[in-house]
């Protein structure tokens, strides 16, 4: 039976944020973050949907949400600082429902927001980074990594060029696992099925196995 997401809202300080929750039986959960709000990024982005579905097939509760100022979420774009608060608020919302955020998963801007949480989210054991935009945003002052990094990048991604990404991974997190999708750019047009396979391969077996 397919997993069913339900609309939710939760508090981030004085703001209310719009989200989509897919509850599962077990305690493990993933928070999934979307691309840049100023360039049309939101929780309905197709790549975000692929990531959420992959986690659901692996048995994780998922919460994808709109950052402040996007869709029905209150507030305004906050240059990353407020968006980091939004991620922590999402984790708190799940904790109040007896779910532990073991995974932070972000696409593009969302990957940058998750990685720049300082201090990092203590419960998160893994960071799934899809197309981290190393040629577009500042990744120079990351906190000391405490989670495993799973990285996916397109061979032709102009915002996450492979040479630059590999160079930075050697400095940031030498044990990171990098999966390259041949022939794809930053937006994964025509490659969503291959992206889903890559995400599931990195996540490993289902929680019920």
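At-a-glance table
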read-out	value
Criterion: within 15 Å of the chain's Cα centre (by Cα) and in a helix (DSSP H, G or I) - qualifying residue of 103, 86	86
Single condition residue 79 does not satisfy, out of (1) at positive phi; (2) touching a residue at least 24 places away in the same chain (Cβ under 8 Å)	(2)
Every residue from region 1-47 that is out of contact with any strand residue (DSSP E or B) (no Cβ under 7 Å at 6 or more places or on another chain), buried (at least 19 other Cβ atoms within 10 Å of the Cβ) and closer than 15 Å to residue 94 by Cβ	12
Criterion (in contact with a helix residue (DSSP H, G or I) (Cβ under 7 Å, 6 or more places away or on another chain) and surrounded by 13 or more Cβ atoms within 10 Å (Cβ to Cβ)) met by exactly one of 156, 166, 177	177
Extreme residue, nearest to the chain's Cα centre (by Cα), among residues of region 197-209 that are in contact (Cβ under 8 Å) with a residue 60 or more places away in the chain and part of a loop (DSSP other than H, G, I, E, B)	204
Qualifying residue in region 87-104 (condition: surrounded by fewer than 24 Cβ atoms within 10 Å (Cβ to Cβ) and within 23 Å of residue 191 (Cα to Cα))	no
Odd one out for residue 76, checked against (1) in a loop (DSSP other than H, G, I, E, B); (2) in contact with a strand residue (DSSP E or B) (Cβ under 7 Å, 6 or more places away or on another chain); (3) farther than 17 Å from residue 206 by Cβ	(2)
Residues of region 20-60 classified as part of a helix (DSSP H, G or I) and either within 21 Å of residue 154 (Cβ to Cβ) or within 15 Å of the chain's Cα centre (by Cα) (or both), total	13
Test result for residue 93, over 16 Å from residue 47 (Cβ atoms), at pLDDT 95 or above, in contact with a helix residue (DSSP H, G or I) (Cβ under 6 Å, 6 or more places away or on another chain) and not in a strand (DSSP E or B)	no
Residue in region 61-71 that is more than 13 Å from the chain's Cα centre (by Cα), farther than 23 Å from residue 118 by Cβ, modelled with pLDDT of 95 or more and in a loop (DSSP other than H, G, I, E, B) present	yes
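Listed here are the residues, each with its yes/no results for (1) surrounded by 15 or more Cβ atoms within 10 Å (Cβ to Cβ); (2) in a strand (DSSP E or B).
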{"position": "117", "(1), (2)": "yes, no"}
{"position": "124", "(1), (2)": "yes, no"}
{"position": "135", "(1), (2)": "no, no"}
{"position": "143", "(1), (2)": "no, no"}
{"position": "149", "(1), (2)": "yes, yes"}
{"position": "152", "(1), (2)": "yes, yes"}
{"position": "186", "(1), (2)": "yes, no"}
{"position": "195", "(1), (2)": "yes, no"}
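The values are calculated or read from the model by the stated rules, or taken from the named source; none is laboratory data. This one's a predicted model, so the numbers in the text were calculated from it and none came from an experiment. Please note: Cβ atoms are built from the backbone with ideal geometry, for glycine as well, and neighbour counts cover all protein chains shown.
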